[in-house]
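S.K.: This structure is in structure tokens; I'll ask about it shortly.
The values are calculated or read from the model by the stated rules, or taken from the named source; none is laboratory data. Keep in mind the model is a prediction, meaning the values are calculated, not measured. As a convention, Cβ positions derive from the backbone with ideal geometry for all residues, glycine included, and neighbour counts pool all protein chains shown. The accessibility values were calculated without ligands, DNA or RNA, using every heavy atom of the protein model including side chains. Shrake-Rupley method; radii C 1.70, N 1.55, O 1.52, S 1.80 Å.
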Amino acid sequence: MKRFFHHRILGLLALGIALTLTACDGNDNTTFEREYVVENYLFAGEPLTHVRLSQTAGVDEAWDFNELAVSNATVRVDLLDDQGNIEQTYSYSESRAQRGLYFPDVPEDVLPLRTYRLEIDVPDFDRLISAETLVPDTFSVITTRLDTVVFQGSEQFEVDVTRSFYPTRQNVFIFTTEALDVREELLTPLAADLYDGGDGDFTLEDFRRTSSPILNEANYTVNADGSLTIGFPWIAVAFLGPNELTANAIDQNVFNYITSNDAQGGGSTLSPGEIPNINDPIENGRGIFGSMARQMTELFILPPPDFGN
Amino acid sequence: MKNLLLLLFVCVVAVVPPAYAQQQTASISGFVTDETNGETLLLANVFIVGTTTGAATNNAGYYTLTGLEPGSFVLACTYLGFQEQRFEIMLEPGQELRLDIALVPEGVTFDEVIVTAAADLQEENKRIGVSQLSVQTVKQLPTVLEPDVFRSLQLLPGVKAASDFSSGLYIRGGSPDQTLILLDRTTVYNPSHFFGFFSTFNPDAIKDVRLFKGGYPAEYGGRLGAVVDVYNKDGNRRKTAGTASIGLLASRAMVEGPYSKGSWMVAVRRSTIDPLLNALQDTDGIPEKYYFFDVNTKVNFDASDNDKFSVAAYAGQDKLNVSPLDDFDISVLYGNRTISANWTHIFSNSLFSNFTVTASRYFSEPEFDLQGTGFERTNTVTDVSARGDFEYIPNEEHALSLGFWAGNFVMKLEDIFDGSISLDERIQSVYASAYVQETYTPNPLWEIRGGLRTSFFNEGDFLRLEPRLSLEHRPVANVRFQLGYGRYYQYLTLITGELFSAFDIWLTTDDGIRPAYGDQFVGGVKTNLGDGYNLDVELYYRTMEDLFILDPFLPDGAGVPYEDLFIVGNGDAWGTEVFLEKTRGRLNGFIGYTLGQTRRRFPNINDFEYYTPKYDRTHDLNMVVNYDLSRKWRATAVFSYGTGQAYTEPNGQYSLLDDPFGEASRNGLVSEFNGNRLDPYHRLDLGFSRFGKFFKLESELQLQVINVYGRSNDWFVFYEFEEDGAADRIVAERNTVPQIPIPLPNVSFTVRF
């Protein structure tokens, strides 16, 4: 009898605890609040580019720029001096063709190693949307060792460049490749497998431009004359034939944005399901106001002898 | 090292009472073993019947009773699962009696529940925060593919699993690297097979598994949270014997036996899915090669009654080759090697010592070749150490332990990208620690244990003091009230991905990166309710400071100063654990429940505000029930319930459309970090064992079903973005990845010879 009693206690206790826990172990909920979204990039030595202004969407609805574009904002970019004072102000005007796009009234060139401040005043929003970026130094291509290489051949494409400069840290690059001849028969084997004859999740256009992950300058050789030899990895190529290669030396804002954006997609040491917010530079909003210096060169990639076999 | 040893001996001598002080009392000491195979029994109880005088065997199976009044009395020895033994003892003044005890296992009784007066007296030695797991329990529990020590530990209160796919131990709010894992006193750095699915410890080779969940004593150190102390079998000292098992994933064999001066044991396990992989080679994504193996060996040499030597070795590794796409090759190799040599020396009835020299190596060498661009990472840890432990028990009131552990630790992390070394970190550090611990028992009702451990890590010149204190009050024989406190330091951190333990990386403190530290406060009551029922309740609170983890937003470590590879944060955890256990009878098992919470805070995550890590569970309930249906059949059921994992449920999204790096759109989510919970987790596993004969050999057939009612527990949520009719119209698609979503059968067959 005593044994029977103990057994029942064991079972009832477990059942009771399980039921109690199930009843009070519910989910939390978070609410959505619409926020302003800014997008603008500055390129050292190139003219100021347009500012894109929109709003966030709920995660369960479509984000449609045309619907969420923000009009009638006052947009300006200030060039700051070393003390943070405004040295020059560039005003922007909204495009008549596209709501939410603001173009500089005067397409001034962006100065390297200078700080720019973006300010946006939106009607009926009592806070100023703002951000600052420090533009990386320009660099230039000195020589390209080859202008034609064999895909995965013994010689890799390398380019010597002058070194860019960025205060407080080493240079950080993103390399992009843009194919100038987009045809299925020119796809590399890896890209062809992903494309899967058009039956996969990708279109040919998806492979036109590819980019590397963020790579530190320390990966590359610094030559005796102070120049940097950059080797382009084959992973950055999706099409054989003519390609345009770009080396982008990015600022801290772009670095922070991309690394945290990648982490949202699982590209970090965080556990799956842990999605951090993007580390963006925008005060009172979201998005990016970043800068970079870039150089482009062209390359022709020949197929290896056994290509297509 | 010589100076350290000298210092320790001086300490010992300093506290040894002069010889005349012992002349009027007597002592008894010896080893407690299993009569059937000679294996030493750890934490067996030896006591004088009718008194509260008693002791438990130590990690070597040795007990000491000192300060005994001369005369005659009855000495008893008990151990869970073994028949009690009693001895009529007659002691002369000053006598030092050596009494080695061999216990006989209890026979299986099906017709009645074994309840005897002796059983009421029998109790496990229960220190605060300690759980002991029998290997039989490990083998009996329903399991996915392979019986597993860590999977079994995950059922204990305070111990949580990250998922159905992970054998990692998340103990009292701590991450897996906060648990020190020892195999025969040797640190094992990545004890996992099958990329984390189960642990490396072959249950056939194991004798004893002890878990210190928190507030662990001064003899251990180096981790903030817990200790798992695993001991391999010594080997059968009576006859040559063994087991062989075949399972769905792997097969294993163990052979043990005696020789003229001791015993030996060899246990081997290897995956056996190679033929299946070969048959499926035409299927996309199937690995060209996958295997794992582990080998455990141990040789004992009993030089004399007072000197025992042993050498134990472990080797295990996993290897995977797979090509998921054309021109995309992945090769993964990771594993561990350990070796230890142990000398147990008994100076006298009251002074016991143990010396161990160990070497441990962990290696992880993943390689990727993506379209001719190679990425190789090599992470190795090589840890060579020596340790010595002394136990001195001059009388009933005092027990002194002291020891040292010193070694050389080398960590190497090298990344090669596209043929060039992009990261090359090598840290070599001498480390040392020493401890002293006094257990004061002024009377049978009270026990006070105070300890002090000091640790030194050469890289960064860190020297730290770690006080430990515990208090136990036994107002009646079957109730213990316990309190404990300890400070703990950790010089290592593990960078681990929950998905794939093969890429685990160990990193260390250095200049600019201070060791993590934490305080633990533990309180509890442990009761023996009779009839084999035990009820334990423990409360804990712990802090975690200076936690250093690899910066999750650092994509490339090339040229980055070592200290900038990390972000430094803190956290805490609290909880209440309830453990109700029935150890005897046809129906036995346990229920473990934990109410707990843990938090973390790191820069750049959640705005440096506290968040709930994924492995936090508010409620965690596990129930294990064994029932002997007949002499030949045994049924086992395991039910688990847990609060759903913390995860991030975004509430907003947006896209950038002018990406300069070629992305058609760069999509972002807006969310509160880990602000939501997945649905609660629950699962029922059932197993049946049939004992019989197979060509005159004892055999056991196990039939098991995991997730009997097909509960689809969520594992994690991720989002994908796609265009919705136009390039500037983006929708986010929510995807849920389940844990084991369907009933999963498992079959194994074991013979014993």
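S.K.: Got a sec? Which of B:N296, B:N321, B:N300 is within 20 Å of the chain's Cα centre (by Cα) and more than 14 Å from chain A (Cβ to nearest Cβ)?
M.R.: B:N296 is the lone residue from the list that is within 20 Å of the chain's Cα centre (by Cα) and more than 14 Å from chain A (Cβ to nearest Cβ).
S.K.: Condition test on B:V384, is it among the aliphatic types (A, V, I, L, M), surrounded by fewer than 18 Cβ atoms within 10 Å (Cβ to Cβ), assigned to a strand (DSSP E or B) and in contact (Cβ under 8 Å) with a residue 12 or more places away in the chain? Before you say what the answer is, go through the steps one by one.
M.R.: Working: among the aliphatic types (A, V, I, L, M): yes; surrounded by fewer than 18 Cβ atoms within 10 Å (Cβ to Cβ): yes; assigned to a strand (DSSP E or B): yes; in contact (Cβ under 8 Å) with a residue 12 or more places away in the chain: yes.
Here the answer is yes, as B:V384 does meet what is asked.
S.K.: Say whether the condition of being buried (at least 22 other Cβ atoms within 10 Å of the Cβ), over 30 Å from B:E723 (Cα atoms), charged (D, E, K, R) and at the interface with another protein chain (Cβ under 10 Å from one of its Cβ atoms) is met by at least one residue in the stretch B:619-638.
M.R.: Checking the stretch B:619-638: at least one residue is buried (at least 22 other Cβ atoms within 10 Å of the Cβ), over 30 Å from B:E723 (Cα atoms), charged (D, E, K, R) and at the interface with another protein chain (Cβ under 10 Å from one of its Cβ atoms).
S.K.: Hey, among the residues in the stretch A:190-219 that are at the interface with chain B (Cβ under 8 Å from one of its Cβ atoms) and in a loop (DSSP other than H, G, I, E, B), which one's least open to solvent (accessible area, probe 1.4 Å)?
M.R.: Checking each candidate, the answer is A:I214.
S.K.: Which is touching a helix residue (DSSP H, G or I) at 6+ places or on another chain (Cβ under 9 Å) and either open to solvent by 20 Å² or more (accessible area, probe 1.4 Å) or without any contact (Cβ under 8 Å) to a residue 12 or more places away in the chain (or both), of B:S420, B:S401?
M.R.: Unique residue meeting the criteria: B:S420.
S.K.: OK, next. Does at least one position in the stretch B:452-470 carry a residue that is part of a strand (DSSP E or B) and farther than 24 Å from B:L180 by Cα?
M.R.: Looking through the stretch B:452-470, none of the residues is part of a strand (DSSP E or B) and farther than 24 Å from B:L180 by Cα.
S.K.: Okay, next question. Could we say that A:F307 is part of a helix (DSSP H, G or I), of a type outside the set (K, R), farther than 20 Å from B:Y719 by Cβ and open to solvent by 10 Å² or more (accessible area, probe 1.4 Å) here?
M.R.: no
S.K.: Can you list residue pairs whose Cβ atoms sit under 8 Å apart, with the first residue in the stretch B:483-507 being more than 30 Å from B:I128 (Cα to Cα) and the second being in a helix (DSSP H, G or I) and modelled with pLDDT of 90 or more? Count only pairs 6 or more apart in sequence or on different chains.
M.R.: These pairs meet every condition: B:L507/B:L565.
S.K.: Could you tell me which numbered condition A:G287 fails, if it satisfies all but one of (1) open to solvent by 30 Å² or more (accessible area, probe 1.4 Å); (2) under 15 Å from the mean Cα position of the chain (by Cα)?
M.R.: For A:G287, the failing item is (1).
S.K.: Now for a different question. In the stretch B:677-689, is there at least one residue being among the polar types (S, T, N, Q) and within 9 Å of chain A (Cβ to nearest Cβ)?
M.R.: no
S.K.: Still on this structure, please answer the following. Scan the stretch B:494-513 for residues that are more than 14 Å from chain A (Cβ to nearest Cβ), part of a strand (DSSP E or B) and either under 30 Å from B:K319 (Cβ atoms) or open to solvent by 10 Å² or more (accessible area, probe 1.4 Å) (or both) and jot them down.
M.R.: Taking the stretch B:494-513 first, the residues more than 14 Å from chain A (Cβ to nearest Cβ) are B:502, B:508-513.
Now narrow it down to the ones that are part of a strand (DSSP E or B): B:508, B:510, B:513.
Passing the criteria: B:T508, B:D510.
S.K.: Please determine whether any residue of the stretch B:71-93 is under 21 Å from B:F309 (Cα atoms), buried (at least 17 other Cβ atoms within 10 Å of the Cβ) and at pLDDT 90 or above. Don't jump to the end; show me each part of the working.
M.R.: Residues of the stretch B:71-93 under 21 Å from B:F309 (Cα atoms): none.
Checked against the condition, which is being under 21 Å from B:F309 (Cα atoms), buried (at least 17 other Cβ atoms within 10 Å of the Cβ) and at pLDDT 90 or above, the stretch B:71-93 yields no hits at all.
S.K.: Looking at B:V410, is it open to solvent by 40 Å² or more (accessible area, probe 1.4 Å), in a strand (DSSP E or B) and of a type outside the set (F, W, Y)?
M.R.: no
S.K.: Evaluate the stretch B:733-750: report whether one residue or more is within 14 Å of chain A (Cβ to nearest Cβ), in a loop (DSSP other than H, G, I, E, B) and crowded, with 18+ Cβ neighbours inside 10 Å.
M.R.: yes
S.K.: Every residue in the stretch B:192-223 that is within 24 Å of B:F409 (Cβ to Cβ) and in a loop (DSSP other than H, G, I, E, B), please.
M.R.: B:T200, B:F201, B:Y216, B:P217, B:A218, B:E219, B:Y220, B:G221, B:G222, B:R223
S.K.: Step by step: first the residues of the stretch A:149-174, then only those that are within 17 Å of A:I258 (Cβ to Cβ) and within 9 Å of another protein chain (Cβ to nearest Cβ), then the one that is surrounded by the most Cβ atoms within 10 Å (Cβ to Cβ). Which residue is that?
M.R.: So, considering only residues that are within 17 Å of A:I258 (Cβ to Cβ) and within 9 Å of another protein chain (Cβ to nearest Cβ), the one surrounded by the most Cβ atoms within 10 Å (Cβ to Cβ) is A:V172.
S.K.: Now a separate question. For B:L595, indicate whether it is of a type in the set (A, V, I, L, M), open to solvent by 30 Å² or more (accessible area, probe 1.4 Å) and in contact with a strand residue (DSSP E or B) (Cβ under 9 Å, 6 or more places away or on another chain).
M.R.: Spelling it out, B:L595 is indeed of a type in the set (A, V, I, L, M), open to solvent by 30 Å² or more (accessible area, probe 1.4 Å) and in contact with a strand residue (DSSP E or B) (Cβ under 9 Å, 6 or more places away or on another chain).
S.K.: Looking only at residues in the stretch B:565-580 that are more than 9 Å from chain A (Cβ to nearest Cβ) and surrounded by 20 or more Cβ atoms within 10 Å (Cβ to Cβ), which one is nearest to B:K139 (Cα to Cα)?
M.R.: The qualifying residue nearest to B:K139 (Cα to Cα) is B:F579.
S.K.: Let me ask you something else. If a residue must be among the charged types (D, E, K, R) and crowded, with 22+ Cβ neighbours inside 10 Å, how many such residues does the stretch A:37-89 contain?
M.R.: Qualifying residue count, the stretch A:37-89: 2.
S.K.: Yes or no: B:T283 open to solvent by 10 Å² or more (accessible area, probe 1.4 Å) and in contact with a strand residue (DSSP E or B) (Cβ under 7 Å, 6 or more places away or on another chain)? Working first, answer last.
M.R.: On the way: open to solvent by 10 Å² or more (accessible area, probe 1.4 Å): yes; in contact with a strand residue (DSSP E or B) (Cβ under 7 Å, 6 or more places away or on another chain): no.
Considered against the rule, which asks whether it is open to solvent by 10 Å² or more (accessible area, probe 1.4 Å) and in contact with a strand residue (DSSP E or B) (Cβ under 7 Å, 6 or more places away or on another chain), B:T283 comes out as no.
S.K.: Select, from B:A267, B:A279, the only residue that is under 30 Å from B:D327 (Cβ atoms), out of contact with any helix residue (DSSP H, G or I) (no Cβ under 8 Å at 6 or more places or on another chain) and of a type in the set (G, A, S). Show your work before the answer.
M.R.: Numbers: B:A267 fails: under 30 Å from B:D327 (Cβ atoms).
Only one candidate qualifies: B:A279.
S.K.: Here are some residues: A:F151, A:F173, A:F157, A:F165. Which one is modelled with pLDDT of 90 or more, under 30 Å from A:Q252 (Cα atoms) and among the hydrophobic types (A, V, I, L, M, F, W, C)?
M.R.: A:F173
S.K.: Restricted to the stretch B:514-561, and to residues that are under 26 Å from the mean Cα position of the chain (by Cα) and acidic (D, E), which residue is surrounded by the most Cβ atoms within 10 Å (Cβ to Cβ)?
M.R.: Among those residues, the one meeting the criterion is B:E538.
S.K.: Shifting gears a bit: Can you confirm whether the stretch B:53-64 contains a residue that is on the phi > 0 side of the Ramachandran plot and open to solvent by less than 20 Å² (accessible area, probe 1.4 Å)?
M.R.: yes
S.K.: Could you tell me whether any residue of the stretch B:705-718 is buried (at least 19 other Cβ atoms within 10 Å of the Cβ), more than 7 Å from every other protein chain (Cβ to nearest Cβ), under 27 Å from the mean Cα position of the chain (by Cα) and on the phi > 0 side of the Ramachandran plot?
M.R.: Looking for residues that are buried (at least 19 other Cβ atoms within 10 Å of the Cβ), more than 7 Å from every other protein chain (Cβ to nearest Cβ), under 27 Å from the mean Cα position of the chain (by Cα) and on the phi > 0 side of the Ramachandran plot, one finds at least one in the stretch B:705-718, hence yes.
S.K.: Also: Taking the stretch A:134-151, which residues are outside any loop (DSSP other than H, G, I, E, B) and touching a residue at least 60 places away in the same chain (Cβ under 8 Å)?
M.R.: Quick first cut of the stretch A:134-151, residues outside any loop (DSSP other than H, G, I, E, B) only: A:134, A:141-144, A:148-150.
Selection gives A:L134, A:V141, A:I142, A:T144, A:T148, A:V149, A:V150.
S.K.: State whether the residues of the stretch A:261-275 include one that is open to solvent by less than 40 Å² (accessible area, probe 1.4 Å), part of a strand (DSSP E or B) and at the interface with another protein chain (Cβ under 8 Å from one of its Cβ atoms).
M.R.: For the stretch A:261-275, residues open to solvent by less than 40 Å² (accessible area, probe 1.4 Å), part of a strand (DSSP E or B) and at the interface with another protein chain (Cβ under 8 Å from one of its Cβ atoms): absent.
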